[in-house]
Amino acid sequence: MSEKRILVVDDEKLILDLYSQVFSGAGYEVTTAESAEEALEIFRKEQFWVLFLDLNLPGMNGVDLCRQIRKQHPMAIPYAVTGYASLFELSDCREAGFEDYFTKPASLSDLLEAAEYAFKKLARWRKR
Amino acid sequence: MNTNMKILIAEDDMTSRAMLQAVLAKWGYDVSAASDGEQAWAALQEPTPPGLAVLDWEMPGLDGAELCRRLRAQERKEPLYLILLTSRGAPEDIVRGLEAGADDYIAKPYDNAELKARVDVGRRMLMLQNEMREREKLQGVLEMAGAVCHELNQPLQIVSGFSEMLLLDADAGDKNSETLKTIKEGIDRIGELTRRIMKITRYQAKPYLKGRIVDIHQASE
C-alpha cells in the first residue's frame, strides 16, 4: 500500500487520459476502466484504496459500483466525479460510501488534493 | 382576474345575444359574439382565440352540439371550455350535449346568477389547465437543460483539465501563460454557468432584445 495506486473510472476516454496524466504527474500509479463492470473485473484481481468514479456510466452506475467496492473492501476511499449533479443526490453518494463528491468540470488541484488527503488518511490508519 | 379573459357567444337570436353580451361584459369579460355556428367556428380558429365559448344548441346550419364535436376533433394549442345553451332540458339531451364535447350545459330559461356561477367554474378549470400546462412545459425545459449541461460538462472537463495542466507547466509571466490563463478563465465561467443552469428550479425571465430569456442567475438562486 506504500505504492500509491489510483483507479479511475469514466466512460470518456479523453477524461481517463486527463486524470491519468495528472495523477501520474503527481507520482501516483493510475489504472483506468471505462465501465463499472470493467472496474469490478480489475478490482477482483488487485485492490485499490483510492478511486475516482464517474457516476453516470453505461450499465451499472457509479453509485452502485461504489457500494460493491465498499462491500468488498470497506477501507477503500472512493470519490465521485459527476457531470450531472442533479441526477445523484449528495446524500445518496455518502450513503453509498463516497468520501466526497466533485462536479465536472472539476479543478485538477481539487482532485489532487483529494488524492493526497486520502493517502494521508490511509497512512494514519496503518500506523494505528 | 377575469378582466382580460375572452369569451365567445354564439347565439342566432339577436335579443338573447345582446343580453348575454351585455351581462358578460358587465362581469368584466372581453366578449365577442357570433350569430351562427360557422361564424363561431371561424372565431375559434383565430391565432389567439377565446378560451371559453357559450354556444346555443339550436342555430341554423352548424348547431352548437355539432360545433362542440368539430372543435373536440381538433388538435388545439390552448384549452377550450365549452358551455352549451339550450331550451332542451331533458336528461337525455344533457347527456347528448356533454357527449358531443361540451364541458357544461345551461338550460333556458336560466337566471344570471346560474350563468355567472357556471362561467366562473369554466374560468377556474381553464386556469388550472393552463397552470398544469405551464408546469409540464417548465419540467420539460428543465429536463432538457439538465441533459444539455451534462453533455457539456464532459467535454468541458477535458478542456478545463488539460488547460489547467498546461498552465501548471507554463512559466509564469510567459506570454502564452497569460493567454492560457484567459482561456482557463473563460472555461471556468462556462462551468459556473452549467452549474447554475442545473440548479434552476423555477421560471424567471428577463427582457432580452425583443423577447424574453430565462434569467439564469435569478432562477438558480
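The values are calculated or read from the model by the stated rules, or taken from the named source; none is laboratory data. What you see is a predicted model; the values in this text were computed from it and never measured. Cβ coordinates were reconstructed from backbone atoms using ideal geometry, including for glycine residues, and neighbour counts include every protein chain displayed.
Determine whether segment A:44-61 contains at least one residue that is buried (at least 20 other Cβ atoms within 10 Å of the Cβ) and among the charged types (D, E, K, R).
Checked segment A:44-61: at least one residue is buried (at least 20 other Cβ atoms within 10 Å of the Cβ) and among the charged types (D, E, K, R).
Quick check: is even one residue across segment A:25-41 more than 22 Å from A:GLY59 (Cβ to Cβ) and in a helix (DSSP H, G or I)?
Yes.
Within the bounds of segment A:88-108, is there any residue that is without any contact (Cβ under 8 Å) to a residue 12 or more places away in the chain, among the polar types (S, T, N, Q), away from every other protein chain (no Cβ under 14 Å) and surrounded by fewer than 18 Cβ atoms within 10 Å (Cβ to Cβ)?
yes
Can you say whether A:PRO78 is assigned to a loop (DSSP other than H, G, I, E, B) and either on the phi < 0 side of the Ramachandran plot or touching a residue at least 12 places away in the same chain (Cβ under 8 Å) (or both), as far as the supplied structure shows? Reasoning before the result, please.
Details: assigned to a loop (DSSP other than H, G, I, E, B): no; either on the phi < 0 side of the Ramachandran plot or touching a residue at least 12 places away in the same chain (Cβ under 8 Å) (or both): yes.
No: the conditions fail for A:PRO78.
Suppose the filter is assigned to a helix (DSSP H, G or I), among the hydrophobic types (A, V, I, L, M, F, W, C) and without any contact (Cβ under 8 Å) to a residue 60 or more places away in the chain; does B:LEU138 pass it? Explain how you work it out, then say what you get.
Numbers: assigned to a helix (DSSP H, G or I): yes; among the hydrophobic types (A, V, I, L, M, F, W, C): yes; without any contact (Cβ under 8 Å) to a residue 60 or more places away in the chain: no.
Considered against the rule, which asks whether it is assigned to a helix (DSSP H, G or I), among the hydrophobic types (A, V, I, L, M, F, W, C) and without any contact (Cβ under 8 Å) to a residue 60 or more places away in the chain, B:LEU138 comes out as no.
Please go through segment B:76-123 and pick out each residue that is basic (Lys, Arg) and buried (at least 16 other Cβ atoms within 10 Å of the Cβ). Reasoning before the result, please.
Going residue by residue through segment B:76-123, those that are basic (Lys, Arg) are B:76-77, B:88, B:96, B:108, B:116, B:118, B:123.
Scanning segment B:76-123 gives B:ARG88, B:ARG96, B:ARG118, B:ARG123.
Here's the yes/no breakdown for (1) modelled with pLDDT of 95 or more; (2) crowded, with 20+ Cβ neighbours inside 10 Å:
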residue	(1), (2)
B:MET1	no, no
B:ASN4	no, no
B:ALA18	yes, no
B:LEU24	yes, yes
B:VAL31	yes, yes
B:GLY37	yes, yes
B:ALA40	yes, yes
B:GLN45	yes, no
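Taking the options B:ASP169, B:ASP188, name whichever one is under 20 Å from A:LYS104 (Cα atoms), surrounded by fewer than 17 Cβ atoms within 10 Å (Cβ to Cβ) and within 14 Å of chain A (Cβ to nearest Cβ). Talk me through it step by step, then tell me what you get.
Details: B:ASP169 fails: under 20 Å from A:LYS104 (Cα atoms).
Exactly one of B:ASP169, B:ASP188 is under 20 Å from A:LYS104 (Cα atoms), surrounded by fewer than 17 Cβ atoms within 10 Å (Cβ to Cβ) and within 14 Å of chain A (Cβ to nearest Cβ), namely B:ASP188.
Does segment B:154-166 include one or more residues that are loosely packed, with under 12 Cβ neighbours inside 10 Å and more than 10 Å from chain A (Cβ to nearest Cβ)? Break it down into steps so the answer makes sense when it comes.
We begin by selecting, within segment B:154-166, every residue loosely packed, with under 12 Cβ neighbours inside 10 Å; these are none.
No: zero hits.
For segment B:78-86, does any single residue satisfy the condition of being over 20 Å from B:LEU128 (Cβ atoms) and part of a loop (DSSP other than H, G, I, E, B)?
Restricting attention to segment B:78-86, the residues satisfying the condition of being over 20 Å from B:LEU128 (Cβ atoms) are B:84-86.
Narrowing further to those that are part of a loop (DSSP other than H, G, I, E, B): none.
Checked against the condition, which is being over 20 Å from B:LEU128 (Cβ atoms) and part of a loop (DSSP other than H, G, I, E, B), segment B:78-86 yields no hits at all.
Return the total of residues in segment A:83-94 being out of contact with any strand residue (DSSP E or B) (no Cβ under 6 Å at 6 or more places or on another chain) and under 22 Å from A:ILE6 (Cα atoms).
Of the residues in segment A:83-94, 2 are out of contact with any strand residue (DSSP E or B) (no Cβ under 6 Å at 6 or more places or on another chain) and under 22 Å from A:ILE6 (Cα atoms).
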